[in-house]
Structures are given as C-alpha cells and as structure tokens.
Amino acid sequence: MTTLLYSGYYDMDKAKEPFEVDPNFFYLTSCDIPNILILKKGRKHYVHMKVPDIQWYDSEYFMKALKHCFNADMVGIDDIVRLCKSSGITKTLDNIKTHPNWSKIRGLSLDMSSISNNLMKKREIKFIDEQLRIEKACRYTSEGIKHILRNAYPKMSQIELTGLFKQSISKHGIQELSFNPITSHGKYNQYLHYIAKDRPVTRGTLVLLDLGCKYKHYCSDISRCFPISGKFTKLQKDIYNVVLKSQKYALTLMKPGKSWSEITHKVKLKLYEECLKIRLVLALDNEKDKISVVQQLMPHNLGHHVGLDNHDCGPILTLKKDMVIAVEPGIYFQIGKDKSPHLNTSVWKQYEHIGGVRIEDTIIITDRGYKNLSKITKEIDGIEKLIKK
Ligand SMILES: [Mn+2]
C-alpha cells in the first residue's frame, strides 16, 4: 500500500499568517511542517520538500523535525512521481490537488483515492491527548475572556477588545486562533460572523465575545456576553436569561447515544417557551410554528464538533463518548426578521437594540453525560463581579 500525504502550501516569503497544517495530515503524522510531501510505501517513508521554500533560519529546525517525525529519506519530486508510478494504487488526501506539482502526479493517471472523508469521520472521537490539548486551549480562551471582562471599558474599540484576548493568550506562547475573533456590541451582535472594526463600544451596550485559541493545533470555542458598563439592564437580562436557561437545558441533554437532531428540536422548543415568558413570541399551538419562529431568532445550528478544525468533522449525528462539541444557542434581532407572523413585533422593538446574545461552551461527552471545558462563569452575578475586578 502506498500513501501520499501533503501537509499544505505555505508561501514562506510572504508568511502572512501562521502556517495551518492540513488537519488530516497532522492527525496521521503529528507533523506540522509546511510544503512537505510524504510517501509511505510499506514501512519506508520518503519525504520531499522544496528546499528554496525553507528560510535559512528554519532549515535546521525543519531537518531535525523531519528526521524526528519520519526518519525518512529526502527525495526530489521526480522520485516521488516515480515511486507513485511503480506502486500503481495510491491513497491520498483531498489537499493533494493544491500541491504545486500536482499536474505531474495527475499526469500518471494513477488509481488514486482520497482517505480524507474516512479520516474526518474517525476524528470525531478524540483520543485522550487530543482531549487534553482542547482542554488547555479552552482554559487559555477562558482566561482571555476574563482578561477582557476585567479590562474593557466604554469607548474602547472592538479591535482593542480583540487585542486584550491576543495579549492574554500570548502569555502562554500562543498566537494561533481557532477562527476570526468576534468582539461585537449592541446592534452588531446580530451579525453571526462579525469581524471586529475600529468602532468604540457604546456605553450601556451588551458586548458579544465569541473567541477561541488553538493549543498545539487543537481548537477551543467559547462565547460570552457582558454589559460594557458593568451592570446588565433589565431588558438585557431578559434576553440573556432566555439563552442561558436554554443553554443549560441543552447541556442536560448531552449524553452518549442521543440524537443531535432530537436534542436540537428540544432546545428550540425550550427557547420558544422562554421567549413566550417575555412575550417576544405569540402563544402558538402548533409545534411547527414554534420551531419556525425560533428559527427566525436563531438562524444557526445548536453546535458543532471541535478539534483540529473549529467546525470539525462535519455535522453531528449521534453523540458518542469522547466527542468534543461546542453548544451555542443564541437569540438575535436581525434586520428584516421581525416580519414573522408569530413574533410580537412591539416587544421585538423593545429588545432590538440588544442585537443578540449567544452563550457557548466546549464540552467533552463522557460515559454518562459531559464535562464542561469552559472555565468561565456564565451567570449574571458572576459576570458582573468579574467586570468589577
Ligand atoms: Mn462555535
């Protein structure tokens, strides 16, 4: 059996962002060196790396790391092509098509099949060392969020809030982020993937943080909301509690063997019940209508796998022990969504300025339930205390 693996392309000259190794490549090799091709033939490994791609100050490190990872022979691209040709059948990863010499390999018309999908499925269940890395990433992300809560003040810009997070994780030698940090406030909270701007956080608004750093390539993903002025207003509390109660309820359903779509359905009904208490939605009999109005308020999934990718391994089907999941219900007041016939429009208008609330924890599914990896409070009192220092 021959396997051809590629770590991913990285332009060493531009070096704009830190290199992000292909998750399947890293999963198989524990190697995170850019621009390398590895050909595994039986027990023998051959490695190809275009030497001009390495900066002189890195070359010694890379060579040592390669030796350590594979104890492999360094070969040229033509050797790789020749070895592929002689073996006929080759397993590979999807990203092989992005290799600068892909046309040479493709030209051989080999019987090549990708193992990326199988690997992605396998990666749903996390080994203990993977769990420990995610746990650490969550701990540092929690610390980073606390650092923001303690140091944020009105008029500070959204970019500065992001800066506080980066400052906090950098103390642990971390610069890799799971995704573009979200630090929005007020009406901007309605945009799900909002990218922080040089906008001062208005006094009295609710700030939405959705942040995650990577520890040794493993992600974390946590969302918290807090009032920039230190105290939740009555209206902010109302919406916050709808989401908090639903998020806590969702966590009670996290057990091995449970169907994710059933959990999602139950949580949406819970969100509906909580929204009814504050009269944001109308009293409805029909379950379908209840779900559809919640969909207007929460236009995203309840959660996702977390691992080498922040949205790891595709959709969640049935929960299994040792899966790592982000659970993130939210309520948003998105422009144009108030047209739903099942919403109470006048109540919506009262809450609209809040923009949105999301509460998210990263958890591990255990034998009987789950373990929460987020190490930061989500209680109103706890958050207000943190802001006061
Ligand atoms: Mn998430």
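The values are calculated or read from the model by the stated rules, or taken from the named source; none is laboratory data. Quick caveat, the model's predicted, so the values are computed rather than measured. Here Cβ is always computed from backbone atoms with ideal geometry, including for glycine, and neighbour counts include all displayed protein chains. Side chains are part of the model used for accessible areas, which takes the heavy atoms of the whole protein and leaves out ligands, DNA and RNA. Shrake-Rupley method; radii C 1.70, N 1.55, O 1.52, S 1.80 Å.
Taken residue by residue, region 223-231 has at least one member that is within 16 Å of the ligand (Cβ to nearest atom), under 16 Å from the mean Cα position of the chain (by Cα) and buried (at least 23 other Cβ atoms within 10 Å of the Cβ). Scanning region 366-388 for residues that are within 20 Å of THR202 (Cβ to Cβ) and of a type in the set (A, V, I, L, M, F, W, C), which turns out surrounded by the fewest Cβ atoms within 10 Å (Cβ to Cβ)? Among those residues, the one meeting the criterion is ILE387. Considering region 188-214, and only residues there that are among the small types (Gly, Ala, Ser) and open to solvent by 10 Å² or more (accessible area, probe 1.4 Å), the residue that is nearest to VAL357 (Cα to Cα) turns out to be GLY204. Checking the stated criteria, PRO329 turns out not to satisfy the condition of being within 16 Å of the ligand (Cβ to nearest atom) and either under 18 Å from ARG279 (Cβ atoms) or surrounded by fewer than 18 Cβ atoms within 10 Å (Cβ to Cβ) (or both). Restricting TYR188, TYR194 to residues that are modelled with pLDDT of 95 or more and either among the aromatic types (Phe, Trp, Tyr) or assigned by TED's automatic domain parsing to the domain that holds ASP22 (or both) narrows the list to TYR188.
Of the set (1) within 16 Å of the ligand (Cβ to nearest atom); (2) at pLDDT 95 or above, all apply to ASP238 but (1). For ILE335, state whether it is among the aliphatic types (A, V, I, L, M), assigned to a loop (DSSP other than H, G, I, E, B), farther than 16 Å from TYR249 by Cα and open to solvent by less than 50 Å² (accessible area, probe 1.4 Å). The answer is no for ILE335. Of note, LEU276 does not satisfy the criterion of being buried (at least 18 other Cβ atoms within 10 Å of the Cβ), modelled with pLDDT of 95 or more and not charged (D, E, K, R).
Checked against (1) under 20 Å from the mean Cα position of the chain (by Cα); (2) within 30 Å of LYS231 (Cβ to Cβ); (3) away from the ligand (no atom under 13 Å from the Cβ); (4) open to solvent by less than 10 Å² (accessible area, probe 1.4 Å), ILE363 meets all criteria but (3).
Does region 145-181 hold any residues that are without any contact (Cβ under 8 Å) to a residue 40 or more places away in the chain and within 16 Å of the ligand (Cβ to nearest atom), and which are they? Listed by number, the residues that qualify are LEU177, ASN180, PRO181.
The helices (runs of 4 or more DSSP H) found entirely in region 198-307 that carry 2 or more residues being closer than 30 Å to LYS166 by Cβ are 234-252.
Applying a threshold of 6 Å to beta carbon distances and a minimum spacing of six or more residues, or different chains, the list of pairs starting in region 80-107 at a residue that is under 21 Å from PRO23 (Cα atoms) and assigned by TED's automatic domain parsing to the domain that holds LEU28 and ending at one that is outside any loop (DSSP other than H, G, I, E, B) and open to solvent by 70 Å² or more (accessible area, probe 1.4 Å) is empty. Could you go through region 112-129 and let me know if any residue there is β-branched (Val, Ile, Thr) and touching a strand residue (DSSP E or B) at 6+ places or on another chain (Cβ under 6 Å). Checking region 112-129: at least one residue is β-branched (Val, Ile, Thr) and touching a strand residue (DSSP E or B) at 6+ places or on another chain (Cβ under 6 Å). For region 301-325, enumerate the residues that are within 11 Å of the ligand (Cβ to nearest atom) and open to solvent by less than 40 Å² (accessible area, probe 1.4 Å). Hits for region 301-325 are LEU302, GLY303, HIS304, HIS305, VAL306, ASN310, ASP312, ILE325. All of (1) more than 16 Å from the ligand (Cβ to nearest atom); (2) surrounded by 16 or more Cβ atoms within 10 Å (Cβ to Cβ); (3) not acidic (Asp, Glu) hold for THR252 with one exception: (2).
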